[in-house]
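The values are calculated or read from the model by the stated rules, or taken from the named source; none is laboratory data. These numbers come from a predicted model, not from an experiment. For neighbour counting, all protein chains shown are included, and Cβ atoms are generated from backbone atoms with ideal geometry for every residue, glycine included.
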Amino acid sequence: MSPSLSKKHQKLVDGIQAGKKRSIARAITIVENDEETAAALIEALYGFSGKAFVLGITGPPGAGKSTLVASTVREFRAQGKTVAVIAVDPTSPYSGGALLGDRVRMDRVAADDGVFIRSMATRGNLGGLSRKTVDAAIVLDSAGYDIVIIETVGVGQSEVEIASTADTTVVVLSPEAGDGIQAMKAGLMEVADVFCVNKSDRDGADRLVREIQNAVMLPSNQKEESSWYPTVIKTQARAGDGVQELIAAVKSHEAFQREAGRFESERVRNTRLRIGRIARDTLTDRLSTGHQQLLDQLAEEVVARKKTPYSAATELIEQYLRNAHKAD
Ligand SMILES: Nc1nc2c(ncn2[C@@H]2O[C@H](COP(=O)(O)OP(=O)(O)OP(=O)(O)O)[C@@H](O)[C@H]2O)c(=O)[nH]1
Ligand SMILES: [Mg+2]
């Protein structure tokens, strides 16, 4: 059963493939708000995606991610590449104030035709965030952008996860209040292919570089012998210093992965996780929406000690499977 597209949405698909910004923007709004149409849209676009290089940028609030993204976009443009950016709005209260600043800085590069920038609202609800972000990246990829950048605040597990579904993941830290420690706690060490120590004009930048280099070599962070070891680059995003080096490090990682045959296998690994997540979410939805009456009845029986929660859960699943077979 594959979802079908209305004529209106078929026109949208044509617009996206022609690289029309209005069509792209509308498609991302659909991805954000209308799960069913989004599925049909992705079905139509998927075969045209997979060509863009996906770069994830994450790190603690205020580390300078957005400033860095803006400088990175300018540098990629200077190299003749087209770039699309998805910035996942920070949900963390302390970073809310930086948002407007983000937009202003981004607007300057957004006037360029080879650049598309979009903030995705999470509205305090992380449910479905991963699906929405990855689908938005598929829309941008199928629109023909060479590079798709995904910026997320590296505070929650799902946000770190999103950035780490990229081909290369950059973790941005600044030599401010315990960023190094915070990063390790948030699981950022595991996902970084390249570390960026931003605000290197501030005290403590070199110390942070050494801390990261030591952490990378810790036995608990050791990887297989032939695998990539994260590099550490210093930047001053506001002035654009170090951005060329950062991009060179990203390219080195990409080249390394391709040579080692890991570029595709990482995509397979990430996609495997994604399929699992979608399947689990779909099952959860169907189990809870289609069986309210049975669930009420089972709950009463369990409270009355006629059944255990385990046997009731098994019964719920069996009923679901029987219905699913009938629907076939
Ligand atoms: N001193 C200094 N400040 C910087 C540098 N890069 C960025 N900043 C400043 O750091 C602040 C935060 O920058 P953002 O780019 O908004 O940081 P962010 O990581 O995107 O923040 P959130 O999205 O809110 O998590 C801004 O005031 C920037 O101007 C730098 O290299 N040096
Ligand atoms: Mg930001």
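Hey, can you tell me all the residues within the stretch 14-43 that are of a type in the set (D, E, K, R) and either surrounded by 17 or more Cβ atoms within 10 Å (Cβ to Cβ) or under 15 Å from R118 (Cα atoms) (or both)?
Correct list: K20, K21, R22, R26, E32.
Can you find a residue in the stretch 261-280 that is among the acidic types (D, E) and at pLDDT below 90? Checking the stretch 261-280: not a single residue is among the acidic types (D, E) and at pLDDT below 90. From the list E245, E224, E211, the one residue that fits, being of a type in the set (D, E) and touching a Gly at 6+ places or on another chain (Cβ under 6 Å), is E211. Within the option set R207, R262, R267, being away from ligand 2 (no atom under 16 Å from the Cβ), among the charged types (D, E, K, R) and loosely packed, with under 15 Cβ neighbours inside 10 Å holds for one residue only, R207.
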